[in-house]
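Undergrad: Following this message is one structure expressed as structure tokens.
The values are calculated or read from the model by the stated rules, or taken from the named source; none is laboratory data. Being a predicted model, the structure only gives us computed values, none of them experimental. Please note: Cβ atoms are built from the backbone with ideal geometry, for glycine as well, and neighbour counts cover all protein chains shown. SASA here: full protein model, heavy atoms, side chains in, ligands and nucleic acids out. Shrake-Rupley method; radii C 1.70, N 1.55, O 1.52, S 1.80 Å.
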Amino acid sequence: MSDTVKMRSTASAEKRRPSVFWVLATLILPFWSLMVRYRFTPESRLPQRGSFILSPNHYSEIDPIAMGAAVWHLGRAPRFLAKASLFKLPVVGWLLRASGQVPVERDGRTRSSASNPLGAAGELIRREAGVIVYPEGSLTRDPDLWPMRGKSGAVRLALESGMPLIPVAHWGTQRLMPRYGKRIHPFPRKTIEIAVGEPLDLSRFEGRTDQRSIAEATDLLMAEIAKLLGGLRGETPPEERWDPSKHQQNETGRF
């Protein structure tokens, strides 16, 4: 694996273009780098132009910062689906809008000026921007931190928009901030390992919107994420994804 300092991906046009991300990177990354070093697998690459959907595993509340910084190191600007209510907050709302984050209603529908679910995706395509979508929808309930059963949002967005869907796994943030931990453990410096996979081949699902097909495509995505994570951990992932409903667990919130 290669450390962050050895990654030499060509920065995309969106990263070279002056934006609020420059300010965020200047303010956040120096402090973040005191706590974290990255190691990317040699195959880890992001497309340097065009829109995409990046789908990572999720097991710590600090994961979005870890993944956002990783995407920046790989040459792209990080964007997330964010709760629409956050966009109404002073300062926070301005920052979310200025950085191009995508508002999502609580029922999972994306908001846009066109007032339709694909409006936000269309805007990302127009701007050739990527977006990070957590397919689990919440921190995994799996006791060993493997990806749990996925939700269909990332797959539906990919199929309906035509954007490439890229699985990614990371390992190490649990040492910085344990699942549902109340504080960060910055020292000693932690290593976060990242493995970015190839875009998922969803060609056989094109035009198929029935629940069975969407579930099959979602299972394919989660299996690829688990496989990447297994490579980072040097372990074999479980054949069956953890299903909170089979263990009397809520799928959202703390447990």
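Undergrad: When segment 225-255 is examined, which residues are found to be among the aromatic types (Phe, Trp, Tyr) and over 11 Å from Arg149 (Cβ atoms)?
TA: If the condition is that a residue be among the aromatic types (Phe, Trp, Tyr) and over 11 Å from Arg149 (Cβ atoms), then Phe255 is the only one that fits.
Undergrad: Look through segment 68-108, keep the residues that are in a helix (DSSP H, G or I) and in contact (Cβ under 8 Å) with a residue 60 or more places away in the chain, and return whichever of them is surrounded by the fewest Cβ atoms within 10 Å (Cβ to Cβ).
TA: Just the residues of segment 68-108 that are in a helix (DSSP H, G or I), to begin with: 68-73, 84-88, 92-98.
Of the ones still in play, those that are also in contact (Cβ under 8 Å) with a residue 60 or more places away in the chain are 68, 70-71, 73, 95, 98.
On the way: Gly68: 21, Ala70: 26, Val71: 23, His73: 19, Leu95: 15, Ala98: 13.
Out of the qualifying residues, it is Ala98.
Undergrad: Still on this structure, I have one more. Among the residues of segment 143-162, write down those that are in a loop (DSSP other than H, G, I, E, B) and either small (Gly, Ala, Ser) or open to solvent by 10 Å² or more (accessible area, probe 1.4 Å) (or both).
TA: Once the filter is applied, which keeps residues that are in a loop (DSSP other than H, G, I, E, B) and either small (Gly, Ala, Ser) or open to solvent by 10 Å² or more (accessible area, probe 1.4 Å) (or both), segment 143-162 yields Pro143, Asp144, Leu145, Trp146, Arg149, Gly150, Lys151, Ser152, Gly162.
Undergrad: Return only the number of the condition from (1) under 18 Å from the mean Cα position of the chain (by Cα); (2) closer than 30 Å to Leu34 by Cβ that Pro186 does not satisfy.
TA: Result: Pro186 passes all but (1).
The rows are residues; the columns are (1) part of a loop (DSSP other than H, G, I, E, B); (2) surrounded by 20 or more Cβ atoms within 10 Å (Cβ to Cβ); (3) over 22 Å from the mean Cα position of the chain (by Cα); (4) at pLDDT 95 or above.
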| site | (1), (2), (3), (4) |
| --- | --- |
| Ile192 | no, yes, no, yes |
| Leu200 | yes, yes, no, yes |
| Met222 | no, yes, no, yes |
| Leu229 | no, yes, no, yes |
| Ser245 | no, no, yes, no |
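Undergrad: Please enumerate the residues belonging to segment 216-246 that are under 13 Å from Ala154 (Cβ atoms) and in contact (Cβ under 8 Å) with a residue 60 or more places away in the chain. Talk me through it step by step, then tell me what you get.
TA: Our first condition is that a residue be under 13 Å from Ala154 (Cβ atoms); within segment 216-246, this holds for 217-222, 224-225.
Result: Ala217, Thr218, Asp219, Leu221, Met222, Ile225.
Undergrad: Any chance you could count how many residues in segment 17-38 are within 16 Å of Arg79 (Cα to Cα), without any contact (Cβ under 8 Å) to a residue 40 or more places away in the chain and assigned to a helix (DSSP H, G or I)?
TA: Matching residues across segment 17-38 total 2.
Undergrad: Can you find a residue that is under 26 Å from Met148 (Cα atoms), part of a helix (DSSP H, G or I) and open to solvent by 10 Å² or more (accessible area, probe 1.4 Å) anywhere in segment 45-67?
TA: Within segment 45-67 (the criterion being under 26 Å from Met148 (Cα atoms), part of a helix (DSSP H, G or I) and open to solvent by 10 Å² or more (accessible area, probe 1.4 Å)), the answer is yes, since at least one residue qualifies.
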